[in-house]
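Everything on this sheet refers to the single structure shown next.
The values are calculated or read from the model by the stated rules, or taken from the named source; none is laboratory data. Note that the coordinates shown come from a computational prediction; the quantities given were computed from them, not determined experimentally. Don't worry about glycine lacking a Cβ; one is built from the backbone with ideal geometry, like all the others, and counts go over all protein chains shown. Ligands, DNA and RNA are stripped out before the accessible areas are found, and what is left, the full protein with its side chains, is counted by its heavy atoms. Shrake-Rupley method; radii C 1.70, N 1.55, O 1.52, S 1.80 Å.
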Amino acid sequence: MAMPPARRPQGRPAPAPGLLQRIDAFARFAFPGFSTAFLMVLAAAPVSLPSPVFAVALPCVAFWSVFRPAAMTPPIVLLLGLLLDLLTLSPLGVSVLVLLAVHALALRLRRFLARQSFLMVWLAFCVVGIGAAALFWALQALLSLRLPPFAPALHAAMLAAGFYPAIALVLTRVHVAMLQAENAP
């Protein structure tokens, strides 16, 4: 049986990606990690309030893990966790484990959460935030061999839950703009 002749594609072939297109693609890929690190450093500025670094990092990692998981990879989450440990002076590895657990849970629930309303995603984040704060508290208790007060961990979870709507609003607009840029001809 004879094979039909191969059809040539219609029109001109797509040009190879130029330098500007590669820079644009890299910027869209790197934005979640760099913006989260920037917000963490900004939140670490000395103010009279308790440090909101954990409360800023948690919503960013959860949001980007659900809505742009290719750009929020485990190595990036690991580096963000190390930065969080250094900024908050917590034992090295505690924040890494907590952020990686949040990232893994967000990836696991990604298909479900991406179809839900904002209120459901926020409620799910509140539950995850309380679990992350409890894990952070438990790891610190395990490493120090004594029970630290639970109030700071609960405060961090509540602060993260309070920051989530504002952070998600900004990140949603950025995410939509990135999607439009990717789908533009």
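A few comments on the model shown:
Residues are listed down the side, and each one gets a yes or a no for (1) of a type in the set (A, V, I, L, M, F, W, C); (2) under 15 Å from the mean Cα position of the chain (by Cα):
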| residue | (1), (2) |
| --- | --- |
| 90 | no, no |
| 102 | yes, yes |
| 145 | yes, no |
| 158 | yes, no |
| 170 | yes, yes |
| 183 | no, no |
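- Test for residue 115: is it under 22 Å from residue 79 (Cα atoms) and either open to solvent by 80 Å² or more (accessible area, probe 1.4 Å) or among the acidic types (Asp, Glu) (or both): no
- Close pairs from the stretch 51-79: first more than 10 Å from residue 103 (Cα to Cα) and open to solvent by less than 10 Å² (accessible area, probe 1.4 Å), partner modelled with pLDDT under 95 and of a type in the set (Val, Ile, Thr), Cβ under 7 Å, at least 6 apart: 53/88
- The stretch 17-33 residues that are among the hydrophobic types (A, V, I, L, M, F, W, C), paired with ones that are modelled with pLDDT of 90 or more and open to solvent by 90 Å² or more (accessible area, probe 1.4 Å) (beta carbon under 6 Å, 6 or more apart): none
- Helices (runs of 4 or more DSSP H) fully within the stretch 1-102 counting 2 or more residues that are among the polar types (S, T, N, Q) and modelled with pLDDT of 90 or more: 19-43
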